[in-house]
Amino acid sequence: MLFLDELPEFRTDTLEVLRQPLEDGQVTISRVHGSVTYPSEFMLVCAMNPCKCGWYGDPSGRCRCSQASVDQYMGRISGPLLDRIDIIVEVPAVKFDELSRRTVAEPSAAVKARVDAARKRQLARYEGSRTLCNALMRPAELRSACALDETCTNLMKSAFERLQMTARSYDRVLKVARTIADLDGSDTIGPQHIAEAIQYRSFRIGNG
C-alpha cells in the first residue's frame, strides 16, 4: 500500500509517474545504457484538502482562498491520474453533534466477514485465470462479469454524459459496481449498485 497525504503538495511530475504502475502493475526505469522493468502492483490511497487552508466549501465561510487559488491547488491533480483511481470520496467536516453522539458502529468483525465473503465470490469467479479480484479484470472478464440490464445501462449512459467520463473511468465504475454487488451477495449488478459506484466518480477539479 502507498499512502500519499496532502496529495497536491507533491510535485506534479512525481504524481504523473504513478500512472504507468497504476495502469500496468509494473514500472520501467530507462537510462542511457538501457531500461529495466520491475513489478509494481500496489494499492494507492490518497488524502487531500479542498484548498490550501482546508476550509473551501465549508458552511462556516472561514475559507479566504480565492477561486483562482482553489482552482490552481486542485488542478495539480490531473484528470488522467484521477482516471486511474477507483474510488473518490469527498468527506465533509465532522460537526460537534456527530462527535458527541453515542452511536454504536458496526463491529469490524461483521465488516470483515462481508469482505471475506465477497473475496471468495471473486476467487470463484476467476478460478483458473490470473485474475484474483475485480480490480484486475481483463476486458473479456469485464464484459461477462459486469453485464447490465436496460435500467443499469440507462443509468450508466446518463452518468457517462453528465460526468464526462472517459472509457477508463467507465470501466472503473463497472468494476466498483461489481464489487458492491459482491459485498451485497448479489450475482448480478443492480441499479442500486451502479448508483453507488457512480457516487464515487463525482469528484471535480476546481470549479470545472
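The values are calculated or read from the model by the stated rules, or taken from the named source; none is laboratory data. Quick caveat, the model's predicted, so the values are computed rather than measured. These area figures cover heavy atoms from the full protein model, side chains too; ligands, DNA and RNA do not enter into them. Shrake-Rupley method; radii C 1.70, N 1.55, O 1.52, S 1.80 Å.
Observations
- Label corresponding to log10 I(q)/I(0) by the Debye sum over Cα atoms at q = 0.09, 0.13 Å⁻¹ when calculated from the structure given, among [x] -0.46, -0.94; [y] -0.29, -0.62; [z] -0.33, -0.72: [x]
- Solvent-accessible area of Phe42 with every protein chain in place, 1.4 Å probe, in Å² to the nearest 10: 60 Å²
- Solvent-accessible area per residue in the chain equals 66 Å², computed with a 1.4 angstrom probe and all protein chains kept.
- Here the relative contact order of the chain, from alpha carbon pairs under 8 Å that lie six or more residues apart, stands at 20 percent.
- With the helix formula -39500 (n - 2.57) applied to DSSP H stretches of n ≥ 4, the chain reaches a computed 222 nm mean residue ellipticity of -13000 deg cm²/dmol.
- Solvent accessible area, Å² - Arg62, 1.4 Å probe, full protein context: 130 Å²
- Taking every lysine pair in the chain that is 8 or more places apart or spans two chains, those with Cα atoms closer than 30 Å amount to 6.
- Residues whose amide H falls under 5 Å from that of Leu44, counting only those 5 or more places apart or on a different chain, are Leu2, with hydrogens built in the peptide plane.
- Amide H contacts of Val27 (H built 1.01 Å from N, under 5 Å, at least 5 apart or other chain): Tyr38, Ser40
- A 1.4 Å probe over all protein chains sorts Tyr200, Tyr38, Tyr126 by accessible area into Tyr38, Tyr200, Tyr126, starting with the largest.
- Rounded percent of accessible protein surface that carbon and sulfur make up, the chain, 1.4 Å probe: 54 percent
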